[in-house]
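Structure, as structure tokens:
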Amino acid sequence: MLEEEYDKSRRRVPRHLRRQPETEHPFAYEIRPAVRTDMPHVREIYNYYVTNSIATLDEKKWSHQQWFDKFDFLQKISLPFLVAVSPSGQILGYGLVAPWTGTSGYRYTVENSIYLGHAATGKGLGRALLEALIAACEELGIREMVAVISDKGAEASVALHERLGFVEVGRMGRVGFKFGRSIGTIYLQKHLVGRKKRSLFGRRAR
Ligand SMILES: CC(C)(COP(=O)(O)OP(=O)(O)OC[C@H]1O[C@@H](n2cnc3c(N)ncnc32)[C@H](O)[C@@H]1OP(=O)(O)O)[C@@H](O)C(=O)NCCC(=O)NCCS
């Protein structure tokens, strides 16, 4: 029997048992304001970078209480804290802004912070979260947004901010120390176009 004839005579696997071609799942997410019950997931994302990277110079993992306190504080002063959620409800990443220092004279300025779960990086989510933060801050009348980024291994973060109009305004060398080596910081800043007069710390804008 020829090989082709042998193949033809073989029984065929029924359609429902045949291996289906792998379908590519699109990277889908929704961005929404964080709620208190998101904090354990936010903590898990952040603590990965505390342990494994110099994206943050925190050296000790944050506790649940620290995240609950941060959430409550940002809620109290009405600053945006956003999460990106997958269709199955998994928290993929978060973005927040906090007052730039606690001093009242800096009340129109915030510092941003965006962290994605490792598997969610490099797919445009960082950009989407930062765009949403900028829009939310403009709505609130915030005037300046600052990003403080490590000067080593942070190409994605620098690129992300520059793409959205942040401009490098300075560097400080060796101000940080983690994993046995000195780290500098890069400062990027973006002027926001406020829509509403608003300031932090409950004072009216002039
Ligand atoms: C930094 C971070 C938020 C960026 O988010 P991301 O989803 O990975 O980045 P995006 O896919 O949205 O990319 C944003 C832009 O940066 C560019 N970019 C991304 N990674 C890059 C890299 N390694 N080198 C150069 N450019 C890069 C992209 O091409 C994109 O530009 P485009 O919109 O013109 O195509 C994310 O990688 C992350 O969470 N990293 C770890 C934590 C961290 O460093 N947080 C920042 C602390 S300040």
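Hey, among the residues in the stretch 92-107 that are part of a strand (DSSP E or B) and either touching an Asp or Glu at 6+ places or on another chain (Cβ under 8 Å) or of a type in the set (Asp, Glu) (or both), which one's surrounded by the fewest Cβ atoms within 10 Å (Cβ to Cβ)?
In the first step, residues of the stretch 92-107 are kept if they are part of a strand (DSSP E or B); the result is 92-99.
Subsequent filtering for residues that are either touching an Asp or Glu at 6+ places or on another chain (Cβ under 8 Å) or of a type in the set (Asp, Glu) (or both) retains 94, 97-99.
Details: 94: 24, 97: 25, 98: 17, 99: 20.
So, considering only residues that are part of a strand (DSSP E or B) and either touching an Asp or Glu at 6+ places or on another chain (Cβ under 8 Å) or of a type in the set (Asp, Glu) (or both), the one surrounded by the fewest Cβ atoms within 10 Å (Cβ to Cβ) is 98.
Suppose we filter 168, 139 for residues that are away from the ligand (no atom under 11 Å from the Cβ) and part of a helix (DSSP H, G or I); which single one remains?
Details: 168 fails: part of a helix (DSSP H, G or I).
Of the residues listed, the single one that is away from the ligand (no atom under 11 Å from the Cβ) and part of a helix (DSSP H, G or I) is 139.
Just for the stretch 108-136: of the residues that are closer than 19 Å to residue 187 by Cβ and outside any strand (DSSP E or B), which one is nearest to the ligand (Cβ to nearest atom)?
126
Would you point out which residue out of 199, 150, 157, 182 is polar (S, T, N, Q) and modelled with pLDDT under 95? Spell out the reasoning first.
Working: 150 fails: modelled with pLDDT under 95; 157 fails: modelled with pLDDT under 95; 182 fails: modelled with pLDDT under 95.
Selected residue: 199, the only one of 199, 150, 157, 182 that is polar (S, T, N, Q) and modelled with pLDDT under 95.
Checking the condition within 13 Å of the ligand (Cβ to nearest atom), in contact (Cβ under 8 Å) with a residue 40 or more places away in the chain and of a type in the set (D, E, K, R), which residue from 178, 152 passes? Give the derivation first.
Details: 178 fails: within 13 Å of the ligand (Cβ to nearest atom).
Of the residues listed, the single one that is within 13 Å of the ligand (Cβ to nearest atom), in contact (Cβ under 8 Å) with a residue 40 or more places away in the chain and of a type in the set (D, E, K, R) is 152.
Among the residues of the stretch 142-165, which ones are assigned to a loop (DSSP other than H, G, I, E, B) and touching a Gly at 6+ places or on another chain (Cβ under 9 Å)? So that I can check it myself, show each step before the final result.
Going through the stretch 142-165, the residues assigned to a loop (DSSP other than H, G, I, E, B) turn out to be 142-143, 151-154, 164-165.
Matches in the stretch 142-165: 142, 143, 151, 152.
Scanning the stretch 31-57 for residues that are β-branched (Val, Ile, Thr) and more than 22 Å from residue 132 (Cβ to Cβ), which turns out surrounded by the fewest Cβ atoms within 10 Å (Cβ to Cβ)?
Our first condition is that a residue be β-branched (Val, Ile, Thr); within the stretch 31-57, this holds for 31, 35, 37, 42, 45, 50-51, 54, 56.
Applying the additional criterion that residues be more than 22 Å from residue 132 (Cβ to Cβ) yields 50-51, 54.
Details: 50: 17, 51: 11, 54: 17.
In this case the residue turns out to be 51.
Somewhere in the stretch 154-169, is a residue surrounded by 17 or more Cβ atoms within 10 Å (Cβ to Cβ), more than 25 Å from residue 183 (Cβ to Cβ) and not hydrophobic (A, V, I, L, M, F, W, C)?
no
Conditions tested, residue by residue: (1) free of Cβ contacts under 8 Å to residues at least 24 places away in the same chain; (2) touching a Lys or Arg at 6+ places or on another chain (Cβ under 8 Å); (3) basic (Lys, Arg).
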site: 79; (1), (2), (3): no, no, no
site: 83; (1), (2), (3): no, yes, no
site: 102; (1), (2), (3): yes, no, no
site: 125; (1), (2), (3): no, no, no
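Among what's in the stretch 78-90 and is part of a strand (DSSP E or B) and out of contact with any Pro (no Cβ under 9 Å at 6 or more places or on another chain), pick the residue that is farthest from the ligand (Cβ to nearest atom). Write out each step before concluding.
Of all residues in the stretch 78-90, those part of a strand (DSSP E or B) come to 81-85.
Next cut, out of contact with any Pro (no Cβ under 9 Å at 6 or more places or on another chain) only: 84-85.
Values: 84: 9, 85: 15 Å.
Once the filter is applied, the top-ranked residue is 85.
The values are calculated or read from the model by the stated rules, or taken from the named source; none is laboratory data. Treat the numbers as computed from the prediction; the structure is a model and nothing was measured. All Cβ positions, even for glycine, are placed from backbone atoms using ideal geometry, and neighbour counts span all protein chains on display.
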